[in-house]
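Please treat every number below as a calculation from the coordinates, not as lab data. Nothing here was measured: the structure is a model prediction, and the numbers come from that model. When we count neighbours, we look across all protein chains shown, and the Cβ atoms used for this are built from the backbone with ideal geometry, even at glycine.
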Amino acid sequence: MSERVSSTRNLQRETQNVIEVAAGLIFRDGKLLIAQRYADSHLGGLWEFPGGKREPGETFPECLKRELREELGCDVEVLERVEAITHHYPDKSVHLEFFRCRWLADEPVAIGCAAVRWVTRQQLADYEFPAADERLLGRLGRPEFICWSP
């Protein structure tokens, strides 16, 4: 590939709209909640940390509370931001902000996703996640990541 074509593709990637997403790290009893994407969606069938797209004028924590209520039917308290990642896929770019959350009420159910699971640190490796989550998954796998405590 010529340098000019490569440079043009990089510029297109940088100038495309970035989708802003808030995602929750919801811990309970030493387990973390994950959700499976619908098979016919972008990155279908992969697992992710539940959340969704931020609407105009909405803060990331407001977005996360709304999305978790709509997609899982549960209420959480949004705590500190744990990670922020911008990832470029061939067809879109996403900016993800991950927040530690405290589950407050209503058992999460798969309303806006294919499935939900409470998993341990060791079980995380058994699930396939989008490339954008790779750095966070590395952190979550380390013993010093204290959020796993019950």
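Would you grab the residues whose amide H sits under 5 Å from the one on residue 26? Only those 5+ places off in sequence or on another chain, please, with H modelled 1.01 Å from N.
33, 101
Using θ = phi - 60° and the Karplus curve 6.51 cos²θ - 1.76 cosθ + 1.60, what whole-Hz ³J(HN,Hα) does each residue of segment 83-98 get, with Gly and Pro shown as x?
Per residue, the Karplus-derived 3J(HN,Hα) values read 7, 10, 9, 10, 10, 9, 8, x, 9, 6, 10, 10, 10, 10, 10, 9 Hz.
Take the Cα atoms of segment 42-134, find their three principal axes, and give me the spread along each one in whole Å, biggest first.
Extents along the principal axes: 37, 35, 24 Å.
Please list, by residue number, everything in segment 89-119 whose backbone N is under 11 Å from a paramagnetic label point 7 Å out along Cα→Cβ of residue 18.
Answer for this model: 93-97.
Taking H placed 1.01 Å from N in the peptide plane, check which residues at least 5 places from residue 76 or on another chain put their amide H under 5 Å from its amide H.
Here the answer is 104, since their amide H atoms fall under 5 Å of that of residue 76.
What net charge is computed for the residues neighbouring residue 52, neighbours being all others with C-beta under 14 Å from the C-beta of residue 52, Lys and Arg scored +1, Asp and Glu -1?
Counting the neighbours of residue 52, the net charge comes to -3.
Straight-line reach from residue 53: which aspartates and glutamates fall under 13 Å, measuring Cα to Cα and dropping same-chain residues less than 8 apart?
Correct list for residue 53: 20, 62, 67, 70, 71, 97.
Enumerate the amide H contacts of residue 46 below 5 Å, restricted to partners 5 or more residues apart or on another chain; note that Pro and chain-start residues carry no placed amide H.
Here the answer is 37, since their amide H atoms fall under 5 Å of that of residue 46.
Modelled label-to-label distance, residue 115 and residue 40, 7 Å Cα→beta-carbon offset: nm?
Those two pseudo-labels are separated by 1.9 nm.
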